[in-house]
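The values are calculated or read from the model by the stated rules, or taken from the named source; none is laboratory data. Being a predicted model, the structure only gives us computed values, none of them experimental. Cβ placement follows ideal geometry from the backbone for every residue including glycine, while neighbour counts extend to all protein chains displayed. With ligands, DNA and RNA removed, areas are computed over all heavy atoms of the protein, side chains included. Shrake-Rupley method; radii C 1.70, N 1.55, O 1.52, S 1.80 Å.
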Amino acid sequence: MLNTTMRHPRVLCSLAIIRDRSEFNPRSAIRSTAIFTVTRSRSTGARFSIDHRAFDRSAARADILSGLATRIPLEATLIARASRTPQHYQRQSFTAAGPLPPADLQLLQRERPDLDVLPLECANSAIEEIAAAYRIERAGPGSNILSRSRKAPEEAQCLWAAFLWSQCSTHERTSLASAWEAWRAIERARPLTF
């Protein structure tokens with residue numbers, strides 16, 4: 001990851017969407033979402049919050065995404081992992097002469113044009129390194145959907161840390177990471193909600 005000197009947005013939301021199958025599988029269902037929000041202020045410093053929800057298979061994608069759209073602060077910057085379309089799915093769509101269905105982030109952007117949506121290409125190995133560096137417990141490879149759903153907040157925080165390390169200056173990275181570590185210590189003491 002290259003280091004640049006981009007300023008961290010005033011309000012940044014890191015979104016993790018946990019599905020039981022690939023997003024482009026017609027039988028895929030969203031099972032959990034986590035929005036990790038970082039709000040910067042000159043007077044109060046950085047504030048952090050997590051909005052974590054779980055869903056059963058019968059929950060409609062449109063309802064879940066609409067709910068996400070209402071919980072994201074106005075004019076925030078939204079980061080999420082970019083959707084990877086499997087090649088076989090692209091071939092099937094091409095032979096059917098139809099467009100690919102919109103990804104979750106595209107639907108959120110349609111509903112909330114005020115958001116600055118940044119889909120991040122982030123290798124699993126980079127996320128694993130960040131998780132190890134910050135001692136973030138993630139669901140391991142082959143984990144069941146319940147474990148992956150419970151760890152959605154950690155996924156959102158790993159993605160934010162990847163953004164912080166790849167896009168922000170050393171000074172911002174140091175101050176925000178220190179504030180985040182203090183917040184995490186408090187959060188770890190709280191019981192799991194589901």
Restrict the check to the range 87-103 and report whether at least one residue is at pLDDT 95 or above and closer than 22 Å to ARG31 by Cβ. no
Do any strands (runs of 3 or more DSSP E) entirely within the range 1-60 hold 2 or more residues that are open to solvent by less than 20 Å² (accessible area, probe 1.4 Å) and closer than 17 Å to ILE79 by Cβ, and if so, which? 11-19, 30-41
Could you please let me know if ALA126 is in a helix (DSSP H, G or I) and at pLDDT below 95? yes
Residue count, the range 137-194, condition in contact with a strand residue (DSSP E or B) (Cβ under 6 Å, 6 or more places away or on another chain) and small (Gly, Ala, Ser), comes to 4
Those residues of the range 61-74 that are among the hydrophobic types (A, V, I, L, M, F, W, C) and open to solvent by 40 Å² or more (accessible area, probe 1.4 Å) come to a total of 2
Could you list, in sequence order, all residues of the range 154-182 that are hydrophobic (A, V, I, L, M, F, W, C), open to solvent by 40 Å² or more (accessible area, probe 1.4 Å) and within 19 Å of the chain's Cα centre (by Cα)? TRP165
Per-region count, the range 131-174, residues outside any loop (DSSP other than H, G, I, E, B) and within 18 Å of ILE30 (Cα to Cα): 11
